[in-house]
Amino acid sequence: MGPRMKFQGKDILNWSLNDYLGLANHPEVRKADADAAIAYGAAYPMGARMMSGHTNAHEQLENELAAFVMKESAYLLNFGYQGIMSCIDALVTKNDVIVYDVDAHACIIDGVRLHMGKRFTYRHNDIESMEKNLQRATKLAEETGGGILFITEGVFGMRGQQGKLKEIVAMKKKYNFRLLVDDAHGFGTLGATGAGAGEEQGCQDGIDVYFSTFAKSMASIGAFLAADKDIIDYLKYNLRSQMFAKALPMIQTVGALKRLELLRKSSELKDKLWENVNALQGGLKAKGFNIGDTNTCVTPVYLEGSIPEAMIMVNDLRENYGIFLSIVVYPVIPKGIILLRMIPTASHTIEDINETLAAFEAIREKLVNGTYAKIAEASVQNVE
């Protein structure tokens, strides 16, 4: 696991791993995981947290996570995706109103779909649209006697923008709502201590329910919620995905304790990550590439082209330049736009970055001069 890997037998430079801090192959992490596997196996604990699945290690991890993100209490989740879906379901009744960003992650959208009451979307990161929909939600909540749950992300993982948490928290002075933030990409990468987008923007106190996954900076599986103790106590007895599911295995629980220890004791990994982020994003901008308005580690590169051109281009990048990355096309982004998404990590090197910048210049030239369009046209199959 790392920047240099094998893809179908070929050596490739990988920019498509969410292993921000390089912990997946860190020797202390690998040892902690292995030791936990030897000590407990893959089965322990056998049972849901409410029954027989609660251990000292689970409780210790929750306490340490809560302290790290500056919240009173925390609760472990088996998976991020189903965890936040279940959290949304538990936090609202049919009388409540949900207001959420139109560009929210699929797990949030699926969670909102479980809601039997009203919900409103606002234009992505648009303060005016947020306020307009909060006004609509306030009027409706007064009629139903319910409350308002406002949902956004700390970091939007496709384009790399931070959610406007500071501005949203400031709206609490005018509107009565609770704020749920999915900070999957912010935890470990943003803020002075790595506590995420709320710390970065100086408004962590205003986040009522903080969520993050272990599948990004922690290079594992699982997730957690953090909030006031009363909220966490309520969720413990109402999160259906946790009440009726086996507890997070000890391998992941003990392993997460080691990962969190490494995050807490030194900023070295986060500093190295940002050194690489700044070098990659700065190099792209210096060469005239459009990386949008990302202000996080997520590094998008926007090019103009069709879907067939995009497929030929990404194949060329992988097969002839040894660069592996995520490609995004319509309908996720508008027609005619190709988004190449890169995730720099602490494990990448300046040599990796320079090699990638050279490859990008080469593929851009082929895109502009029509090389990819000609190949795509010749590859069209008549299926009539």
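Take the Cα gyration tensor of segment 103-220, multiply each eigenvalue by 5, square-root it, and list the three semi-axes largest first, rounded to whole angstrom.
25, 16, 12
How much accessible area per residue does segment 153-294 have, counting only protein heavy atoms and a probe of 1.4 Å, in square angstrom?
The answer is 38 Å² per residue.
Going by average Cβ neighbours within 10 Å, how do the peptides 222-230, 149-157, 352-360, 287-295 rank, with the highest at the top?
Per-residue Cβ counts within 10 Å, averaged per peptide and sorted highest first, yield 149-157, 222-230, 352-360, 287-295.
Which angle between 0 and 90 degrees, to the nearest 10, do you get for helix 307-321 versus the longest principal axis of the chain when only C-alpha atoms count?
80
State the Cα centre-to-centre distance between segment 200-234 and segment 78-140 in whole Å.
Measuring centre to centre over Cα atoms gives 17 Å.
Once you have the Cα-Cα distance between Ile127 and Asp233, take 0.36 nm times their residue separation minus that, and quote the gain in nm to one decimal.
34.9 nm
Ignoring everything except DSSP H segments at least 4 long, calculate the 222 nm mean residue ellipticity for the chain; use -39,500 (n - 2.57) per segment, divide by total residues, nearest 500.
Computed ellipticity for the chain at 222 nm equals -13500 deg cm²/dmol.
What is the set of long-range amide H partners of Val97 at a cut-off below 5 Å, with H atoms built 1.01 Å from backbone N?
Correct list: Gly147, Ile148, Leu149.
Any idea of the accessible area per residue across segment 55-126, 1.4 Å probe, to the nearest Å²?
Solvent-accessible surface per residue comes out at 43 Å².
Can you give the Kirkwood hydrodynamic radius for segment 1-114, in Å, rounded to one decimal and based on Cα pairs?
Here the Kirkwood hydrodynamic radius works out to 18.0 Å.
For helix 27-40, what angle does its Cα long axis make with the longest principal axis of the chain, in degrees from 0 to 90 and rounded to 10?
For 27-40 against the chain, the angle is about 50 degrees.
So if R0 is 45 Å, what FRET efficiency would Met50 and Glu275 give, r being the distance between their Cβ atoms, rounded to the nearest 0.05?
The value I calculate is 0.50.
When DSSP assigns beta bridges and you keep just the ones with both residues in the chain, what percent turn out antiparallel, to the nearest 5?
Here the antiparallel bridges make up roughly 55 percent for the chain.
Relative to the longest principal axis of the C-alpha atoms of the chain, give the angle of the C-alpha long axis of helix 56-68, reported between 0 and 90° and rounded to the nearest 10°.
With both axes taken from Cα atoms, the answer is about 70 degrees.
At 1.4 Å probe size, with every protein chain present, just tell me what the per residue accessible area of segment 318-384 comes to in Å².
Ligands and nucleic acids excluded, the figure is 54 Å² per residue.
Explain nothing, just compute: Karplus ³J(HN,Hα) = 6.51 cos²θ - 1.76 cosθ + 1.60, θ = phi - 60°, for every residue of segment 131-144 in order, whole Hz, x for Gly and Pro.
Once rounded to whole Hz, the list reads 5, 4, 6, 5, 5, 4, 5, 4, 4, 5, 5, 5, 6, 8.
Counting only protein heavy atoms and a 1.4 Å probe, tell me what percentage of the chain's accessible area is made up of carbon and sulfur.
Its accessible area is 52 percent carbon and sulfur atoms.
So how do 83-92, 66-75 stack up, highest first, on mean other-Cβ count within 10 Å?
Top of the packing list down: 83-92, 66-75.
The values are calculated or read from the model by the stated rules, or taken from the named source; none is laboratory data. Just so it is clear, the model here is predicted, and its values are computed rather than measured. For neighbour counting, all protein chains shown are included, and Cβ atoms are generated from backbone atoms with ideal geometry for every residue, glycine included. With ligands, DNA and RNA removed, areas are computed over all heavy atoms of the protein, side chains included. Shrake-Rupley method; radii C 1.70, N 1.55, O 1.52, S 1.80 Å.
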